[in-house]
Amino acid sequence: MPGQAAVRLPEEKRRALGVTVSRVERRPLVRTVRAPGRVAHDPDLYSALTEYRAAAEALAAATDPRSQSALTPARDAARLRLAHYGLDESQMDDLASSEHAEHLILPGAWVWIYAQIFEQDLPWVRRGQQAIITVSALPGETFDGTIRAIDPMLDAMSRTVTVRLLVRNSEARALKLEMFVSAAIESDRGRGLVVPREAILDTGARQLVYVVRGDELVPRAVKLGPRFDRYVQVLSGLMEGESVVTSANFLIDAESQIGAGQDAR
C-alpha cells in the first residue's frame, strides 16, 4: 500500500506493547436511535385536521358538479397543509377522523409525542417503526409508540427533524401534555461483517485497519458502512475470520510509515 508497509511484531512484543486484536465477525446490524421529545399539544395541527375533515365532508355531500368543483380547492389546500406536517394521503384520512383528532388536544388512552431526530440519524428512521418511550418523571415505566409521520423539513438551527409518534398511555393517564420524554427507536438492517470501532484508523483520505498475519501487521484499506454502538460495518477489504488490531494503532501506523519510507530509498 503506498505510504504504508507491513510491521513485523512478534506476539510477545505485541503483548509487551499492549496490542490487542479482534476477529472480523458477522453480526446483527442493529442501531438504536435515541431522541428527546415531548407529549404534544399542537393546536395548529388539530386545526389543519378539522379543516380538512370539514372540507372533505362538504365535498362528499355535494351532488352537482358545480358545487364539487367549487369545494375541491379547499379540500386540496387542506391536504397540502397536512402534507407539510409530513402526513401521506392514507394518514391524512386516518388522522382526520374524530377518534384520532381528539388526541391532539387532550391526552387520553393515546397521546401524540413529538421527538427530535438529529440529521445524521434520519436514514435509520421511517414511518411505522416502533419506539419505546421513557419519562424521567415516571422512573421504571415505559410506553409503546409508533412513528406515524415525519416532517419533510429540517430545522436549520437544531439540525433535527420532528417525528410524530402515536403512543398508548397508561390506564392512570400518566403521560401529561408537554411532559419531556425520551424515545428509543431500534432499526434492524439484518446481518453484516463488522469490526470494533477502535480497529479503524482514519487518515482523512482513507480508512485503514492492520490485519494480523503471523508476526506481521499488514495495513489494509477498507470501505465502511454505518457505525453502530461498538462496531462499524465493513463493506469491503476484509474477510470473516481475519484478525485486526484494536489498540496501539497509531504507534503501529507510525512504524508502518517509517518502514515505507525506508523501502522507498
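The values are calculated or read from the model by the stated rules, or taken from the named source; none is laboratory data. Everything numeric here is computed off the predicted structure, so don't read it as measured data. When we count neighbours, we look across all protein chains shown, and the Cβ atoms used for this are built from the backbone with ideal geometry, even at glycine.
The table that follows gives values for the structure above.
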| quantity | calculated |
| --- | --- |
| Hey, residue 238 part of a strand (DSSP E or B) and more than 19 Å from residue 131 (Cβ to Cβ) or not | no |
| Some residue of the range 47-59 being surrounded by 12 or more Cβ atoms within 10 Å (Cβ to Cβ) and basic (Lys, Arg) | yes |
| Residue that is modelled with pLDDT under 90 and under 30 Å from residue 239 (Cβ atoms), where the choices are 61, 40, 16 | 16 |
| Options 171, 186, 178; residue that is of a type in the set (Asp, Glu) and over 30 Å from residue 82 (Cα atoms) | 171 |
| Subset tally (residues that are over 34 Å from the mean Cα position of the chain (by Cα) and either part of a loop (DSSP other than H, G, I, E, B) or modelled with pLDDT of 90 or more (or both)) for the range 241-265 | 1 |
| Test set (1) acidic (Asp, Glu); (2) surrounded by 13 or more Cβ atoms within 10 Å (Cβ to Cβ); (3) over 23 Å from the mean Cα position of the chain (by Cα) - residue 178 fails condition number | (2) |
| The range 199-224: number of residues that are in contact (Cβ under 8 Å) with a residue 60 or more places away in the chain and outside any strand (DSSP E or B) | 2 |
| Of residues in the range 141-161 being part of a loop (DSSP other than H, G, I, E, B) and touching a strand residue (DSSP E or B) at 6+ places or on another chain (Cβ under 9 Å), the one modelled with the lowest pLDDT | 152 |
| Any hit, the range 63-84, residues being among the small types (Gly, Ala, Ser), assigned to a loop (DSSP other than H, G, I, E, B) and within 28 Å of residue 121 (Cα to Cα) | no |
| Residues located in the range 168-181, provided they are at pLDDT below 90 and either part of a strand (DSSP E or B) or under 16 Å from residue 126 (Cα atoms) (or both) | 168 |
| Residue 12 vs. criteria of a type in the set (Asp, Glu), touching a helix residue (DSSP H, G or I) at 6+ places or on another chain (Cβ under 6 Å) and in a helix (DSSP H, G or I) | no |
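Residue-by-condition table, conditions (1) in a strand (DSSP E or B); (2) under 28 Å from residue 34 (Cα atoms); (3) modelled with pLDDT under 90:
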residue: 185; (1), (2), (3): yes, yes, no
residue: 188; (1), (2), (3): yes, yes, yes
residue: 229; (1), (2), (3): no, yes, yes
residue: 233; (1), (2), (3): yes, yes, no
